[in-house]
Amino acid sequence: MRFSIKQRSILPGFGLTLGYTVLYLSLIVLIPLSGLFIKTAAMPLDRFWSVITDDRVIASYRVTFTSSLYGALINAFFGFIVAWTLVRYDFWGRKILDAIVDLPFALPTAVSGIALTAIYAPNGWVGRYLEVWNKSDLRVSIESLYAPVYRWIDAAWVLGWAASLLPADLRIKAVYTPLGITIALTFIGLPFVVRTLQPALEDLEAELEEASTSLGATRWQTFRRVILPALFPSLLTGFALAFSRALGEYGSVVFISGNLPMKTEISALLITQKLEEYDYPAATAIAVVLLVSSFAILFVINGLQWWVGRRYREGA
């Protein structure tokens, strides 16, 4: 006679918690997304294709994806530095800086959009210094800044070469340009990178770096061969989260972008306009394209993260 003993879980209530989880995710995530696809599927194929390939819609895709990519790349670089500073160094005010990182999470997006617009406007605190840079003024500023090192370099040649790369008046306009959109998307995406990297940095054993140094590796070699491979999967995750979040951002972008069709109009604003015109099929069609694109990007990045993690574990 054979007896089968069912292995019981240490934590009871698995069936109940699993059922609650599936029900909750179905009501909050799966059913709404399914409704989006069902609404779009009711459109004729030629109508769907004409909506998503309209020149104005294509331009909004270009602005949205390009600005989101730039914002995520900026966050991946500077977010790594912020996370490294918060984890590896102990200094006065570290707790305050750590709390400031979460500010984009707590701040309403419309408030952040208005604040960024006011700061980067031509008369704002930052925008006034970006609007017009004249070559002569730029040369004087550089000379006063780097005067101590002039005896070591040919200042006239260096400044002449640098000035030749610039127009007569270098105008950097942030508000109502794609640059402003990138700034807003960088603002809202930074916490995703920092909060993803912090646990990985805390789990990274300092003994690995010490062993690498004792074996004669330079700081750059230690970073490239020991630190970066261990943190790269988390960095990819933070990049993917920041990029996906930026694709659907609306509140912080709508004020600083200026919403100029074919120039600074984002896809989320175009969806809102379609809804206000009661053109629900067109709005869902544009939303489906963004949704499928986000899923595809997350799938590719997660696959790359798994591959990098496996290579690191095999190498270790």
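Only one of these conditions is not met by Val254: (1) touching an Asp or Glu at 6+ places or on another chain (Cβ under 8 Å); (2) farther than 30 Å from Glu202 by Cβ. Which number is it?
Just one mismatch for Val254, condition (1).
Give me the pairs: first residue in the range 82-111 and assigned by TED's automatic domain parsing to the domain that holds Pro191, second residue charged (D, E, K, R) and part of a loop (DSSP other than H, G, I, E, B), beta-carbon distance under 9 Å, and six or more apart or on different chains, which are they?
Thr109/Glu249
Considering Ala246, Ala268, Ala285, which residue is out of contact with any helix residue (DSSP H, G or I) (no Cβ under 7 Å at 6 or more places or on another chain) and touching a residue at least 24 places away in the same chain (Cβ under 8 Å)?
After applying the criteria, what remains is Ala268.
If you check Pro233 against the conditions, is it in the same structural domain as Ala59 (by TED's automatic domain parsing), over 15 Å from Phe77 (Cβ atoms), crowded, with 18+ Cβ neighbours inside 10 Å and in contact (Cβ under 8 Å) with a residue 24 or more places away in the chain?
Against the criterion (in the same structural domain as Ala59 (by TED's automatic domain parsing), over 15 Å from Phe77 (Cβ atoms), crowded, with 18+ Cβ neighbours inside 10 Å and in contact (Cβ under 8 Å) with a residue 24 or more places away in the chain), Pro233 qualifies.
Being within 20 Å of the chain's Cα centre (by Cα), assigned to a helix (DSSP H, G or I) and either modelled with pLDDT of 90 or more or farther than 30 Å from Ile227 by Cα (or both) is the requirement here; does Leu33 meet it?
Here the answer is no, as Leu33 does not meet what is asked.
Quick check on the range 51-62: of everything there that is within 14 Å of Lys274 (Cα to Cα) and in contact (Cβ under 8 Å) with a residue 60 or more places away in the chain, which residue is surrounded by the most Cβ atoms within 10 Å (Cβ to Cβ)?
Among them, the one singled out is Ser60.
What helices (runs of 4 or more DSSP H) lie completely within the range 116-224 and have 2 or more residues being modelled with pLDDT of 80 or more and surrounded by fewer than 16 Cβ atoms within 10 Å (Cβ to Cβ)?
178-203
Among Phe78, Phe65, Phe48, which is the only one that is surrounded by fewer than 16 Cβ atoms within 10 Å (Cβ to Cβ), on the phi < 0 side of the Ramachandran plot and either in the same structural domain as Met262 (by TED's automatic domain parsing) or in contact (Cβ under 8 Å) with a residue 60 or more places away in the chain (or both)?
Of the residues listed, the single one that is surrounded by fewer than 16 Cβ atoms within 10 Å (Cβ to Cβ), on the phi < 0 side of the Ramachandran plot and either in the same structural domain as Met262 (by TED's automatic domain parsing) or in contact (Cβ under 8 Å) with a residue 60 or more places away in the chain (or both) is Phe78.
With the checklist (1) farther than 20 Å from Leu270 by Cα; (2) at pLDDT 85 or above in hand, flag the one item Ser50 doesn't pass.
Of the numbered conditions (1) farther than 20 Å from Leu270 by Cα; (2) at pLDDT 85 or above, the odd one out for Ser50 is (1).
If Ile227 passes every condition in (1) among the hydrophobic types (A, V, I, L, M, F, W, C); (2) under 12 Å from Ile181 (Cβ atoms); (3) free of Cβ contacts under 8 Å to residues at least 24 places away in the same chain but one, which one does it miss?
Ile227 satisfies every listed condition except (2).
The values are calculated or read from the model by the stated rules, or taken from the named source; none is laboratory data. Computed from a predicted model, the values in this text were never measured in an experiment. Ideal geometry is used to build each Cβ from the backbone, glycine not excepted, and the neighbour counts take in all protein chains shown.
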